[in-house]
Each structure stands twice: as structure tokens, then as C-alpha cells.
1. Tally the residues that are free of Cβ contacts under 8 Å to residues at least 40 places away in the same chain and in contact with an Asp or Glu (Cβ under 9 Å, 6 or more places away or on another chain), restricting the search to segment 14-39.
2. Please work out which residue is nearest to the chain's Cα centre (by Cα), limiting yourself to segment 51-74 and to residues that are at pLDDT 95 or above, surrounded by fewer than 17 Cβ atoms within 10 Å (Cβ to Cβ) and assigned to a loop (DSSP other than H, G, I, E, B).
3. For segment 33-50, name all the residues that are assigned to a strand (DSSP E or B) and of a type outside the set (D, E, K, R).
4. From (1) within 24 Å of residue 34 (Cα to Cα); (2) among the hydrophobic types (A, V, I, L, M, F, W, C); (3) loosely packed, with under 14 Cβ neighbours inside 10 Å, pick out the condition that doesn't hold for residue 81.
5. Run down 47, 95 and say which single residue is surrounded by 13 or more Cβ atoms within 10 Å (Cβ to Cβ), without any contact (Cβ under 8 Å) to a residue 60 or more places away in the chain and more than 18 Å from residue 131 (Cα to Cα).
6. Quick one: what pairs do we get from segment 116-128, first residue touching a residue at least 40 places away in the same chain (Cβ under 8 Å), second outside any helix (DSSP H, G or I) and of a type in the set (Asp, Glu), C-beta under 9 Å, 6+ apart or different chains?
7. Can you find a residue in segment 9-21 that is modelled with pLDDT under 90 and either under 20 Å from residue 131 (Cα atoms) or surrounded by 12 or more Cβ atoms within 10 Å (Cβ to Cβ) (or both)?
Amino acid sequence: DDRVMGGVSQSHLRFDAGGWAVFEGTVSLERNGGFASVRSKPCAFQLAGVSAFWLEVKGDGKRYKLNLRTDDAFDGVNYQVVFTPPAGQWLEIELPLAAFQATFRGRVVSTAEPLNPAHLRRVGLMIAERQSGPFSLALRAIGAR
């Protein structure tokens, strides 16, 4: 969350009784804030040869980002793609590898290597772009093809 930079946004990932995860919280623009995020612990995902990721999600009409990391560093290059699931309905969204942009602290890194899924170490979700207020993104499944 933006608390690492002095902001006051809050988020968490909880597991719903229906069997899915929910990324939820409140984004605040106070004290130069404006984003919230969650991410996995480092893991070797074994995804060589995949060309896309997919999510089965139910949103709230806000824009979210799928974040992929290829290293274990706390702060480094993040490969991001934006998606906007419609409010209140489950939908499968496909996110081709070519759509992911290398970023560092929200800024595009044009000199970064293209995303190589064989090196994937972390997966995360983020809400940013100064979308203040409460948010909720339900995630029933995530995969790669």
C-alpha cells in the first residue's frame, strides 16, 4: 500500500466463504497516497512457454493491475497490465504477455527486458491511478496458457 511512501490507503486479501479471494480496502489520496496492493511470497512458478495469463474476476467497475515480478527484490521492475472488470459479474479476462509493461514505482522502464514467464517469482494485484474510495475485486481463479 502507499503507506510505504507516507500514504494512508489500506488493503488486504481475504478468503470468501464462497471459495474465492477478495482484494479489498480503501484508497486515500491524503499525504500523496493513491494506491493499494497485495502480492505473493516468492515462488518458482514453472511457466516457460506461456503466452498469456487469465483471471476469473468480479469487479466494482474500477481499474486494476496484475503485477508480475521476475526477482525477489522488495523494490524492482514490475511488469504490469491494466484490466477493468465490470461491476457485479464474474468474467474471465485474458492478458497477453505482450500487453505487460515494465515499470518501476509506476513509471515505464523502456530499457527493461521483455517479460519472461519462465523467471516469474511473484504475482500481485494493485489498484492505482488515484481512484480514491473503497474498492473490492473478487478473484476466483488465475492461470496461464
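The values are calculated or read from the model by the stated rules, or taken from the named source; none is laboratory data. Computed from a predicted structure; not experimentally measured. No Cβ is skipped: glycine too gets one built from the backbone with ideal geometry, and neighbour counts run over all protein chains shown.
1. Of segment 14-39, the ones free of Cβ contacts under 8 Å to residues at least 40 places away in the same chain are 14-15, 17-18, 30-33.
Remaining after also requiring in contact with an Asp or Glu (Cβ under 9 Å, 6 or more places away or on another chain): 14, 31-33.
Result for segment 14-39: 4.
2. For segment 51-74, the residue satisfying everything is 63.
3. Within segment 33-50, the first condition is being assigned to a strand (DSSP E or B), and the residues that meet it are 36-39.
36, 37, 38, listed by residue number.
4. Looking at each condition in turn, residue 81 falls short on (3).
5. Working: 47 fails: without any contact (Cβ under 8 Å) to a residue 60 or more places away in the chain.
After applying the criteria, what remains is 95.
6. Filtered contacts from segment 116-128: 119/71; 121/71; 121/72; 122/71; 122/72.
7. Keep residues of segment 9-21 that are modelled with pLDDT under 90, which gives 9.
Still in the list and also either under 20 Å from residue 131 (Cα atoms) or surrounded by 12 or more Cβ atoms within 10 Å (Cβ to Cβ) (or both): 9.
For segment 9-21, residues modelled with pLDDT under 90 and either under 20 Å from residue 131 (Cα atoms) or surrounded by 12 or more Cβ atoms within 10 Å (Cβ to Cβ) (or both): present.
So that you can scan it fast, the table gives a plain yes or no per residue for (1) within 15 Å of the chain's Cα centre (by Cα); (2) assigned to a loop (DSSP other than H, G, I, E, B); (3) among the acidic types (Asp, Glu):
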site: 81; (1), (2), (3): yes, no, no
site: 85; (1), (2), (3): yes, yes, no
site: 92; (1), (2), (3): no, no, yes
site: 98; (1), (2), (3): no, no, no
site: 102; (1), (2), (3): yes, no, no
site: 113; (1), (2), (3): no, yes, yes
